[in-house]
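The values are calculated or read from the model by the stated rules, or taken from the named source; none is laboratory data. Worth saying up front: this structure is predicted, and the values here are computed from it rather than measured. Positions of Cβ are backbone-derived with ideal geometry, glycine not excepted, and every protein chain shown enters the neighbour counts.
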Amino acid sequence: MSGTKCEWIRELIPDYAAGRIADGEKESADLHFKDCRECCDELDLVRLVFSSRAGHPEGLADKINAAVHGRRFTGRRQWWGLAAAAVAVLAIGLNMTLDRTGFTDLPLTESEFEIESENLWLTDDGLIAGAPMLEGLSDEVLTQFLEELTVGTSGGAA
């Protein structure tokens, strides 16, 4: 037989042995197997391998179907879904209520310092981190504050 025909048939042998090829291909393969002993031997080998495979356990398909279609959901999952829905409803309802009452956000307090972004340097710690506001504090509070700052240093009473 020609090598090209044998290559084509050898690709079909597993499907032929399993009965998964079309009738036209089956007839062509049958004719080839009558004339080519090598391909016929390979078909016999594939049939032997297929017949030695372990069979499926009884009821395997039913067990798989039952497992797929009979999934059980735990109460915990249902509870989280219900809680998420309740939070969403509460948030939407609260938002609608506040909109109807005319409640507006409180205005943000403006900084006491004029900050121009092009003049702001990282060394301006008072502007970045917030400068301590000491003007309104009494002398006693300032003294206590100074003592707290110097505790553990050479100038403090530790």
Residue tally, condition at pLDDT 90 or above and either crowded, with 16+ Cβ neighbours inside 10 Å or in a loop (DSSP other than H, G, I, E, B) (or both), over the stretch 29-54: 8
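Name the residues in the stretch 20-61 that are of a type in the set (G, A, S) and over 14 Å from I9 (Cα atoms), would you?
Once the filter is applied, which keeps residues that are of a type in the set (G, A, S) and over 14 Å from I9 (Cα atoms), the stretch 20-61 yields S51, S52, A54, G55, G59, A61.
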Residue list for the stretch 19-28, filter: under 48 Å from the mean Cα position of the chain (by Cα), surrounded by 12 or more Cβ atoms within 10 Å (Cβ to Cβ) and in a helix (DSSP H, G or I): E25, K26
